[in-house]
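The values are calculated or read from the model by the stated rules, or taken from the named source; none is laboratory data. Small disclaimer: the values here were computed from a predicted structure and weren't measured. Virtual Cβ from ideal backbone geometry, glycine too; neighbours counted across all protein chains shown. Just the protein is used for accessible areas: all its heavy atoms, side chains included, with ligands, DNA and RNA removed. Shrake-Rupley method; radii C 1.70, N 1.55, O 1.52, S 1.80 Å.
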Amino acid sequence: MTSVNPLRVGMDSKADPFNLLIVEDDPHCMDFLKFVFQEAGFRCRMAGTIGEAWTLLKSRIPDLIILDEHLPDGSGLDLCRRIRQEGGLRRVLVAFLTARKSVSDGGEWSKAGGDACWAKTGKHARLTAAAHALLRRRDWDAREEESRVPGLSIDLDKQFVSYNQIRSRELSRREMRLFRLIINAYPRPCSREEIEKSLFCYDKSDISALALNQIVSRLKKKLPPNFLPFFQTIHGTGYCLIIPSPDAEKSSV
């Protein structure tokens, strides 16, 4: 009989795992958090200081940062403020961990730009449930992305997009991330550097021009045929959407 890990129930084993950066200086707490989130299907990187965290952030943008309030080289609040001032990191989710009830109930973490503040607890199911809830809330931001391009619809449950009611083939989670990065950058180009930091695994060998080109190629084959002409490659820079305005389309008829 095969045993089922209750922490993984509801997780799609074929989907790319969410990427976490856990910033915690207590080694016992760090080990606990790493175990809990890895068991729940997350991919985790660990940092014990602000300096280590910043180095990791520069090499790879996570989906969620779990941040201790006090660190050996400064305040987690200060790190969060710095993250919010960095253009490429402004959309990263940040959840604080604290043992001080006054902090979790107060507004310090919110003023610093945090998305949530959780009390330190030994109840692993509570932590992973809170992380999944926060990530789901981020996915609701897809509605904002749809508004950037009239006629666009994004279905994150079934992993497809539609443009003027013509739908794509099912996208992988990584292909959907790439598509949303480009949508969020619109109307400016989305650089290859931005994509590499947000899209690829931690293994440096995975970050290559060939790997990115393959994902872009697969995405283009799956996009709705009426949307594909707007998806443009800017050689030496990245990718951009070039969508004519409705008035321009009418004048060309």
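Picking from residues in the stretch 238-253 that are open to solvent by less than 60 Å² (accessible area, probe 1.4 Å) and within 30 Å of A209 (Cα to Cα), the one that is modelled with the lowest pLDDT is P244.
Just need a number here: residues in the stretch 71-112 that are at pLDDT 80 or above, in a loop (DSSP other than H, G, I, E, B) and out of contact with any strand residue (DSSP E or B) (no Cβ under 7 Å at 6 or more places or on another chain). The number of residues fulfilling the criteria is 4. Only a single criterion out of (1) surrounded by 13 or more Cβ atoms within 10 Å (Cβ to Cβ); (2) on the phi < 0 side of the Ramachandran plot; (3) at pLDDT below 85 is not satisfied by Q159, namely (2).
In the set (1) touching an Asp or Glu at 6+ places or on another chain (Cβ under 7 Å); (2) at pLDDT 85 or above, R173 fails one condition alone, (2).
Can you confirm whether D63 is within 17 Å of A130 (Cα to Cα), of a type outside the set (A, V, I, L, M) and either open to solvent by less than 20 Å² (accessible area, probe 1.4 Å) or at pLDDT 90 or above (or both)? I'd like the intermediate steps shown before the answer.
Details: within 17 Å of A130 (Cα to Cα): yes; of a type outside the set (A, V, I, L, M): yes; either open to solvent by less than 20 Å² (accessible area, probe 1.4 Å) or at pLDDT 90 or above (or both): yes.
Taking the combined requirement at face value, the residue satisfies it.
If I filter the stretch 27-36 for residues that are open to solvent by less than 10 Å² (accessible area, probe 1.4 Å) and within 22 Å of A129 (Cα to Cα), do I get at least one hit? Checked the stretch 27-36: at least one residue is open to solvent by less than 10 Å² (accessible area, probe 1.4 Å) and within 22 Å of A129 (Cα to Cα). Out of (1) in contact with a helix residue (DSSP H, G or I) (Cβ under 9 Å, 6 or more places away or on another chain); (2) open to solvent by less than 90 Å² (accessible area, probe 1.4 Å); (3) modelled with pLDDT under 80, the odd one out for I183 is which? (3) is the only condition that I183 fails. Quick check on my filter: what residues within the stretch 72-88 are open to solvent by 30 Å² or more (accessible area, probe 1.4 Å), in contact with a helix residue (DSSP H, G or I) (Cβ under 7 Å, 6 or more places away or on another chain) and within 26 Å of E193 (Cα to Cα)? The one that is open to solvent by 30 Å² or more (accessible area, probe 1.4 Å), in contact with a helix residue (DSSP H, G or I) (Cβ under 7 Å, 6 or more places away or on another chain) and within 26 Å of E193 (Cα to Cα): G88.
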